[in-house]
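Enquirer: Sharing a structure, written as structure tokens. Questions coming.
The values are calculated or read from the model by the stated rules, or taken from the named source; none is laboratory data. This one's a predicted model, so the numbers in the text were calculated from it and none came from an experiment. For neighbour counting, all protein chains shown are included, and Cβ atoms are generated from backbone atoms with ideal geometry for every residue, glycine included. Ligands, DNA and RNA are stripped out before the accessible areas are found, and what is left, the full protein with its side chains, is counted by its heavy atoms. Shrake-Rupley method; radii C 1.70, N 1.55, O 1.52, S 1.80 Å.
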Amino acid sequence: MFLHLGADTVIPLKDVIAISDMKATGSINQEFLTTMHEEQMIVDISGKSPKSFVITDKVVYLSAISSLTLKKRATGYGFGDSE
């Protein structure tokens with residue numbers, strides 16, 4: 001299955017490690033994002049106004065779609081189910 005992140009970007013759901021809200025980023029998440037930016041491992045598909053970020057096994061995507069919407073999409077495909 002795949003997850004649509006916006007801006008014509010679709011990634012394999014199996015590559016998704018975490019989906020997080022940009023507003024909820026604490027100091028550890030901010031440090032993580034800064035490090036990923038320095039390592040050139042950020043792919044910004046948000047049009048410079050990210051609402052969420054998606055961590056994969058290779059890069060971190062910044063998306064203009066809310067983390068709640070992305071999680072709902074992913075859950076519909078079995079990501080994050082506790083069963």
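Enquirer: Being in a helix (DSSP H, G or I) and open to solvent by less than 40 Å² (accessible area, probe 1.4 Å) is the requirement here; does L3 meet it?
Expert: Criteria not met by L3.
Enquirer: If the Cβ limit is 7 Å and pairs must be 6+ apart or interchain, which residue in the range 32-45 that is in contact (Cβ under 8 Å) with a residue 12 or more places away in the chain and over 15 Å from A18 (Cβ atoms) pairs with which residue that is outside any helix (DSSP H, G or I) and open to solvent by 60 Å² or more (accessible area, probe 1.4 Å)?
Expert: Cβ pairs passing all conditions: I45/A7.
Enquirer: In addition: Collect the residues in the range 23-45 that are modelled with pLDDT under 95 and touching a Leu at 6+ places or on another chain (Cβ under 8 Å), keeping them in residue-number order.
Expert: The answer is T25, and nothing else.
Enquirer: Of all residues being of a type in the set (G, A, S) and at positive phi in the range 6-23, which is surrounded by the most Cβ atoms within 10 Å (Cβ to Cβ)? Just the residue, please.
Expert: Applying the filter and picking the extreme gives G6.
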